[in-house]
Amino acid sequence: MITVLTITVLVLIAIAIWQMTKIFELSQLRAAKNETATDKDNKVNGYLMFAFLIFIYGITIFSFYKYTKVLLPEAGSAHGAEYDDLMLLSMAIIFFVQTITQFLLHYFAYKYRGEKDKKALFYADNHKLEFIWTIIPVIVLAGLILWGLYTWTNIMDINDEDDPLIVELYAQQFNWTARYGGEDNVLGEANVRMIDIDNANVLGLDESDPNAADDVIVKELHLPVGRKVNFHMRSQDVLHSAYMPHFRAQMNCVPGMITQFSFTPIKTTAEMRQDPDVIDKVKRANKIRAKRAAAGEPNSDPWEYDYILLCNKICGKSHYNMQMKIIVETQEEYDKWMASQKTFGGNAATGVAVQ
Amino acid sequence: MSGTHEHDDDHGHHHKETFITKYIFSMDHKMIAKQYLITGLIMGFIGIAMSLLFRMQLAWPGESFPVFEALLGKWAPGGVMDADVYLALVTMHGTIMVFFVLTAGLSGTFSNLLIPLQIGARDMASGLLNMISYWLFFTSAVIMVISLFIESGPAAAGWTVYPPLSALPMAQSGSGLGMTLWLVSMAIFIASSLLGSLNYIVTVINLRTKGMSMTRLPLTTWALFVTAIIGVVSFPVLFSAALLLIMDRSFGTSFFLSDIFIQGEVLHYQGGSPVLYEHLFWFLGHPEVYIVILPAMGIVSDVMATNARKPIFGYRAMIMSIIAIAFLSTIVWGHHMFISGMNPFLGSVFTFTTLLIAIPSAVKAFNWITTIWKGNLQMNVAMLFSIGFVSTFITGGLTGIILGDSTLDINVHDTYFVVAHFHLVMGISALYGLLAGVYHWFPKMFGKMMNKNLGYVHFWITAICAYGVFFPMHFVGMAGVPRRYYENTAFPMFDELTDVNILITVFALIAGATQLVFVGNFIYSIFYGKKAEQNPWRATTLEWTTPVEHIHGNWPGAIPEVHRWAYDYSKTNENGEYVLPGQDFVPQTVPLQDGEEELSH
Ligand code: HEM
Ligand SMILES: [Cu+2]
Ligand SMILES: [Cu+2]
């Protein structure tokens, strides 16, 4: 079906191209075949330049109108708001510059289209003008850099203040595992050389390390709302990247080293599900899913919003499906969930970190 | 020129030329340029076809297509594309487009064609090295294409081939023989590029004709010259990265590998770091994008000035910005690695240098816009592609401000936002530069004119589709869709992106089909095109003073002397008359006229 459609489209395009060539040819009014631009060509293409300007504005407006809704909802982390503000400002500047420069470029192309006996202006230099348009980007960029670097330094300053929860994100082809420090909130030593699949030591924990025994290893990441989390990322095979778009957070997982990222979740999953943007998004997705269900297609179960961890560094065949659910919940819910887990040493986890 | 045919130069004696020495193992720079161009276009055809295949998979995930079955065979069982081959296609598409089309195809073609012609030289400094350079390039292209057909599949670790994925055959089938061939091909490619670049540099420095000072060089030559320098500085670093990767793969060293457990087994590697590879790769990789774009910038500058019938605005500023970009391009590589695990302080430094490089780029954009202001624009096809270049360069360049900001990069790194950004600023822009160059210098290469109407159709459809493909793609990225995903169906949050993915793919298919118009025009015009005049665009530069029929040594008589810069378009005397009566341009070979001032350019 699709093939037929594609072929039809291609045939139509071929016809359109042929017709357009004809139009261009007719527009040359029997002038001697000349492969350089004539006044007529200049005029037609000058007008088309103007039309193209409208097209660029049009596709911009169209995209904003149609696709703003697909963008990520409001951030679920403490630093996310600042990230979003900086993004908004940068975008505003970009769109301002884009609108003006595209206008000038295409408008000039239209306005100064060539005509016989027209004289171009011999205008080779103007130091003042050049100085102005060097200094303006310098100032604007300096402002963006300062703000950007200030935010960057804050985000990347990973420290142990405010009693952060310590969590390891462990990547392998093609799934994620999370490990909590347990009662002592300290991760036991680990190395891939100590992996012992037969004895269920899949993350290579050092069994002789006293800190390891109370570690909790899980396949679904739960985080208490409002508490800073320090992530330690590890990978056992190839590069992966722990991408948590709803938290504006990402860090590569590199075999042979431990990388870090830190953020504070500020909205529980339940709260996110109440966010009007999220509600709309879920509705739209479920409409598509309902249609699929009606057509008997796969991937049609209704969806409920969840935070998600994706792999964002090419890591092999199933890179596109390497994910883990993240649940942000209240401290009580978290404690309850934690209490239902087993520690590495085999005991029931207590959940509450010793303060 | 005076009509005396003094055969005072050594090119005078005619050796017998056979088909082999003329068309195959030619040492003539003009023939080598054509070889580069045609090889590059063929590779471009393959690369773009690949992108159409994987774009179809993205729009209609898991759908069965007979084309897949026909082209991919066992990798598309039942016509459904396999996830491994998706990655292989993306990888080979990126590799081919960046290195084989836009590095060799673009700067190889135009450096060879234009450097000797524009500086007034009979040929490159070393015709032999030049020939070897082309044949090494050809060999590397053949090896790369062969790798598509091997049992275990071609390299599939992304065009950046980061280890450990690229180093471990058990991580991915493409990391077996396919990866070996990729590395061998690239090593040969680098050798070719170095030989070519050294030749270009020496030629520009030593073989300029009398009067052709550096400040009279056309900007195309300036750009090609600086491109060659960047290549010589940065390609050896990629070579060392490739070499170390080969050692890790084949000889058990641990430069990039450490602590790996894969398929139930601990590997012996210890102490290496994948981040080191990233540094080495991007030390070339970033300059590489300027290797791709600078020649396009040079071409666009000259094509614009010629067709605007105006001097390029701010000639000196243009040169300074080329040099500034070249210099800065070697100290910004870390912006590809903000979240690689590298020290965050380094990230701050690279943010700073990256936003610095935006400044010369902005200056160039403003200067191009001013160049067409109050011009008498001749809308030849090359001119349209040049204007298109400035448009896409601005659109794509602006989003660089976001990606270059380490903070903002956190959430868009490796998403489709990046894909949209670099296609506009580097892929499409450089492709426009290449096409502008082909339309503009086709008469010089083949002695024929290309059909302009087919050219107009080609341009307008391509221009619309380029925006149609890559503008909405920014939104896909900002919705959080990672690149190099075989399909987005595993995440319900991406369900609603199906529409936009179909839209993008339809635009891509139309764009791809439209390139056939160009191919047809190109081939047809070589054989049946209208015969070209000597100087069809009424340009000032030296290449248009050579005869239409190619001869060894370029000029039949003495090499012309240069008396002025390359941009005396529409220059008038004080009385408002053109310097040369009745002609709105003054070729570089024309001495200063009575009472004419030479501006201090
Ligand atoms: C019809 C035109 C083109 C289309 C539709 C297209 C499409 C794409 C898409 C969708 C991707 C991302 C795939 C993914 O990450 O999963 C991609 C990757 C890429 N493309 Fe293109 N592209 C086109 C032309 C070009 C050109 C002219 C260049 C020249 C620079 C280019 C260079 C690249 C590179 C370097 C990559 C990255 C490959 C990788 O991720 O390893 N493409 N292309
Ligand atoms: Cu992964
Ligand atoms: Cu870069």
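Only residues of region A:143-184 count here: report those whose backbone N is under 16 Å from the spot 7 Å along Cα→Cβ of A:Ala92, or say none.
The answer is A:143-145, A:147-148, whose backbone nitrogens lie closer than 16 Å to the label point.
Please label the shape of the protein assembly as shown as rounded, prolate or oblate, based on the square roots a ≥ b ≥ c of the eigenvalues of the alpha-carbon gyration tensor (a/c under 1.5 means rounded; beyond that, a/b larger than b/c means prolate, else oblate). List each step's numbers first, then the result.
Details: a/c = 1.96, a/b = 1.80, b/c = 1.08.
Verdict is prolate for the protein assembly as shown.
For chain B, what is the mean residue ellipticity at 222 nm derived from helices alone (per DSSP H run of n ≥ 4: -39500 (n - 2.57); sum divided by total residues; nearest 500 deg cm²/dmol)?
After summing the helix terms and dividing by the residues of chain B, the value is -19500 deg cm²/dmol.
Taking the Cα centre as origin and putting +1 on Lys and Arg beta-carbons and -1 on Asp and Glu beta-carbons, what dipole magnitude results for region A:165-339, to the nearest 20 debye?
Working: 20 positive and 25 negative charges, 259 e Å.
Dipole of region A:165-339, to the nearest 20 debye: 1240 debye.
Taking 7 Å along the Cα-to-C-beta vector as the label spot, tell me the B:Thr572-A:Asp84 distance in nanometres, rounded to one decimal.
Distance between label points: 5.8 nm.
Multiply the residue gap between A:Tyr47 and A:Thr330 by 0.36 nm, knock off their C-alpha separation, and tell me the result in nm, one decimal place. Please report the intermediate quantities before stating the final value.
On the way: separation 283, 0.36 × 283 = 101.88 nm, distance 6.14 nm.
The A:Tyr47-A:Thr330 span can extend by a further 95.7 nm.
By its C-alpha gyration tensor, with a ≥ b ≥ c as the square roots of the eigenvalues, how is chain A shaped: rounded for a/c under 1.5, else prolate for a/b larger than b/c, else oblate?
Details: a/c = 2.79, a/b = 2.00, b/c = 1.39.
The shape class here is prolate.
In chain B, if the dipole is taken from +1 on Lys/Arg beta carbons and -1 on Asp/Glu beta carbons about the Cα centre, which of B:Phe527, B:Gly79, B:Phe417 is farthest to the positive end?
B:Phe527
Cα centroids of region B:387-446 and region B:158-199: how far apart, whole angstrom?
24
With a 1.4 Å probe and every protein chain left in place, tell me how much accessible area B:Tyr162 has, in Å² to the nearest 10.
Probe radius 1.4 Å; accessible area of B:Tyr162 about 20 Å².
Helix-only estimate, please: 222 nm mean residue ellipticity of chain A, summing -39500 (n - 2.57) across DSSP H runs of length 4 or more and dividing by its residues, to the nearest 500.
On the way: 7 runs with 150 residues, N = 355.
After summing the helix terms and dividing by residue count, I get -14500 deg cm²/dmol.
Sort region A:168-304 into rounded, prolate or oblate with this rule: let a ≥ b ≥ c be the square roots of the eigenvalues of the Cα gyration tensor; rounded if a/c is under 1.5, and if a/c is not under 1.5, prolate when a/b is larger than b/c, oblate otherwise. Intermediate values should be presented prior to the final figure.
Numbers: a/c = 2.44, a/b = 1.76, b/c = 1.39.
It comes out prolate by the Cα gyration axes.
Roughly how many debye, to the nearest 20, is the charge dipole of the protein assembly as shown about its Cα centre, given +1 on each Lys and Arg Cβ, -1 on each Asp and Glu Cβ, and no other charges?
Working: 60 positive and 79 negative charges, 794 e Å.
Roughly 3820 debye for the protein assembly as shown.
Connecting C-alpha atoms closer than 10 Å in a GNM of chain A, tell me which of A:Val138, A:Val97, A:Val282 has the biggest fluctuation.
The residue with the greatest mean-square fluctuation here is A:Val138.
Which Cα, out of B:Gln515, A:Ser340, A:Thr99, lies furthest along the positive dipole direction of the protein assembly as shown (beta carbon charges, K/R +1, D/E -1)?
Ranked along the dipole, the leading option is B:Gln515.
Solvent-accessible area of A:Asp160, probe 1.4 Å, all protein chains present, reported in Å² to the nearest ten, please.
Roughly 120 Å² of A:Asp160 is accessible to a 1.4 Å probe.
Report the relative contact order of chain A, percent, no decimals, based on alpha-carbon pairs under 8 angstrom and at least 6 residues apart.
Details: 517 pairs, mean separation 60.4, N = 355.
Once divided by the residue count of chain A, the mean separation gives 17 percent.
What do you reckon, how do B:Glu533, B:Glu496, A:Glu220 stack up by accessible area (1.4 Å probe), largest on top?
Values: B:Glu533 115, B:Glu496 25, A:Glu220 65 Å².
In descending accessible area the options line up as B:Glu533, A:Glu220, B:Glu496.
With the other protein chains left in place, how much accessible area per residue, in square angstrom, belongs to chain B at a 1.4 angstrom probe?
Accessible surface, normalised per residue, equals 30 Å².
Considering protein heavy atoms only and a 1.4 Å probe radius, which residues within region A:102-139 exhibit an accessible-area decrease of no less than 50 Å² in the full assembly relative to the chain by itself?
Residues shielded by partner chains are A:Leu105, A:Phe108, A:Tyr112, A:Lys119, A:Ala120, A:Leu121, A:Phe122, A:Tyr123, A:Ala124, A:Glu130, A:Trp133.
Rank A:His246, B:His550 by accessible area, highest first, at a 1.4 Å probe radius?
On the way: A:His246 5, B:His550 70 Å².
Greatest to least solvent exposure: B:His550, A:His246.
So what's the net charge close to B:Ala358: Lys and Arg +1, Asp and Glu -1, counting the other residues with Cβ under 14 Å from its Cβ? Don't skip to the end; give the middle numbers.
Details: positive: B:Lys364; negative: B:Asp405.
Once all neighbours under 14 Å are counted, the net charge is 0.
State the Cα centre-to-centre distance between region B:200-273 and region A:282-320 in whole Å.
41
Between B:Ala49 and B:Asp594, what is the spin-label point distance in nm, taking each point 7 Å from the Cα along the Cα→C-beta axis?
6.4
Roughly how big is region A:122-204's charge dipole about its Cα centre, with Cβ charges of +1 (Lys, Arg) and -1 (Asp, Glu), in debye to the nearest 20?
Values: 3 positive and 13 negative charges, 125 e Å.
For region A:122-204, the charge dipole is close to 600 debye.
On a 21 Å Cα-Cα criterion, which of the cross-link pairs A:Lys40/B:Lys34; A:Lys33/B:Lys448; A:Lys281/A:Lys317; A:Lys43/B:Lys374; A:Lys317/A:Lys342 come out too long? The partial results should precede the final answer.
Working: A:Lys40/B:Lys34 32 Å; A:Lys33/B:Lys448 13 Å; A:Lys281/A:Lys317 29 Å; A:Lys43/B:Lys374 15 Å; A:Lys317/A:Lys342 32 Å.
Pairs exceeding the cut-off: A:Lys40/B:Lys34; A:Lys281/A:Lys317; A:Lys317/A:Lys342.
Of the options B:Ile132, B:Leu398, B:Leu244, report the single residue whose Cα projects farthest towards the positive end of the charge dipole of chain B (beta-carbon charges: Lys, Arg +1; Asp, Glu -1).
B:Ile132
Calculate one ³J(HN,Hα) per residue across region B:367-383 by plugging θ = phi - 60° into the Karplus curve 6.51 cos²θ - 1.76 cosθ + 1.60, and present them in order as whole Hz with x for glycine and proline.
5, 5, 4, 5, 4, 8, 5, 6, x, 10, 5, 8, 7, 6, 4, 4, 5
Among residues other than B:Ser321 whose Cβ falls under 12 Å from its Cβ, what is the net charge (Lys/Arg +1, Asp/Glu -1)?
Working: positive: B:Arg316, B:Lys364; negative: A:Glu130.
Its environment carries a net charge of +1.
Given a 1.4 Å probe and heavy atoms of the protein chains only, how would you sort A:Leu86, B:Leu431, largest accessible area at the top?
Numbers: A:Leu86 0, B:Leu431 40 Å².
Largest accessible area first, the residues go B:Leu431, A:Leu86.
For the A and B pair, go ahead and give the buried accessible area with a 1.4 Å probe, both sides summed, in Å² to 100.
Values: alone 23010 and 24120 Å², together 34950 Å².
Using a 1.4 Å probe, the pair buries roughly 12200 Å².
I want to verify a result. In a Gaussian network model of chain A, Cα cutoff 10 Å, which of these has the top mean-square fluctuation: A:Trp18, A:Trp133, A:Trp176?
Among A:Trp18, A:Trp133, A:Trp176, the largest GNM mean-square fluctuation belongs to A:Trp18.
Which one of A:Thr134, A:Thr68, A:Thr153 has the biggest mean-square fluctuation once chain A is modelled by GNM with Cα springs under 10 Å?
In this elastic network of chain A, the residue with the biggest mean-square fluctuation among A:Thr134, A:Thr68, A:Thr153 is A:Thr134.
Can you order the peptides A:191-203, A:224-236 by their average number of other Cβ atoms within 10 Å per residue, highest first? Walk me through the intermediate numbers first.
Values: A:191-203: 14.3, A:224-236: 20.9.
The packing order, highest mean first, is A:224-236, A:191-203.
Label-point separation (nm) for A:Lys33 and B:Ser152, each offset 7 Å from Cα along Cα-to-Cβ?
Result: 5.5 nm between the two label points.
Considering only protein heavy atoms and a 1.4 Å probe, what is the carbon-and-sulfur percentage of the accessible area of chain B? List each step's numbers first, then the result.
Numbers: 12270 of 18080 Å².
Carbon and sulfur together cover 68 percent of it.
Run the 1.4 Å probe and let me know the accessible area of A:Lys342, rounded to the nearest 10 Å².
Only protein atoms counted, so the area is about 130 Å².
With loop defined by DSSP as not H, G, I, E or B, and exposure as at most 13 other Cβ atoms within 10 Å, which is the longest segment of chain B clear of exposed trypsin sites (Lys or Arg not before Pro)?
By the stated rule (loop sites, at most 13 other Cβ atoms within 10 Å), B:211-601.
The values are calculated or read from the model by the stated rules, or taken from the named source; none is laboratory data. Quantities reported herein were computed from a predicted structural model and do not represent experimental measurements. Neighbour counts run over all protein chains shown; Cβ positions are idealised from the backbone, glycine included. SASA here: full protein model, heavy atoms, side chains in, ligands and nucleic acids out. Shrake-Rupley method; radii C 1.70, N 1.55, O 1.52, S 1.80 Å.
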